[in-house]
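The values are calculated or read from the model by the stated rules, or taken from the named source; none is laboratory data. All of these numbers come straight from a predicted model, not from anything done at the bench. Quick reminder, even Gly has a Cβ in these numbers, built from the backbone with ideal geometry, and neighbours come from all protein chains shown. In case anyone asks, the SASA skips ligands and DNA or RNA and just uses the protein heavy atoms, side chains included. Shrake-Rupley method; radii C 1.70, N 1.55, O 1.52, S 1.80 Å.
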Amino acid sequence: MIVGMLAGATGIAIGHFALREARAAVEEFTRAASRQAAEGAKADLRAIRDVAVCRYDALEEMTGRLSFSVAMINGLGDGIVLTSINGRSETRTYVRPVRGGRGVQPLSPEEEHAVRAARLGLGPEVTPGAPPATHAAGAVT
């Protein structure tokens, strides 16, 4: 009986999480569609138009927010995220593709933050860790 109750509670928690994620995705899509409509139908959706830079300290040894992720996204939500991790003796640079507003490969939290901010038109520079603020509608969850 306890196992059944635990399984039921776990199922409810998973369902609640999935519902919350789905609502956030619908809200984000609605805002992106509203932006596209406001800009007019003549815009080329394939042209890069949304850019956001997220600067941060990737390594404990380096401060000053020298590492960064830059999202460059078109009206369809496709593009790239360019990330540079800067240390004292070396720099590593990565490029990850984005399709439909999501990384084709797993993205770091900073990369996801840059993509989301670019999609919402909140660039050019955003603060890492803070949820991307939105216009009059409130905060993105």
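Here residue 63 fits the description: in a loop (DSSP other than H, G, I, E, B) and β-branched (Val, Ile, Thr). Looking at (1) at pLDDT below 85; (2) within 21 Å of residue 114 (Cβ to Cβ), which is the one condition that is false for residue 85? Of (1) at pLDDT below 85; (2) within 21 Å of residue 114 (Cβ to Cβ), only one is false for residue 85: (1).
Being part of a strand (DSSP E or B), at pLDDT 90 or above and under 18 Å from the mean Cα position of the chain (by Cα) is not true of residue 117.
Rundown of residues vs (1) modelled with pLDDT of 80 or more; (2) open to solvent by 60 Å² or more (accessible area, probe 1.4 Å), yes/no style:
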residue	(1), (2)
11	no, no
19	no, yes
47	yes, no
94	yes, yes
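For (1) more than 16 Å from residue 31 (Cα to Cα); (2) modelled with pLDDT under 85; (3) surrounded by fewer than 17 Cβ atoms within 10 Å (Cβ to Cβ); (4) touching a helix residue (DSSP H, G or I) at 6+ places or on another chain (Cβ under 6 Å), each residue gets a yes or a no:
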| site | (1), (2), (3), (4) |
| --- | --- |
| 43 | yes, yes, yes, no |
| 77 | no, no, no, no |
| 81 | yes, no, no, yes |
| 106 | yes, no, yes, no |
| 109 | yes, no, yes, no |
| 124 | yes, yes, yes, no |
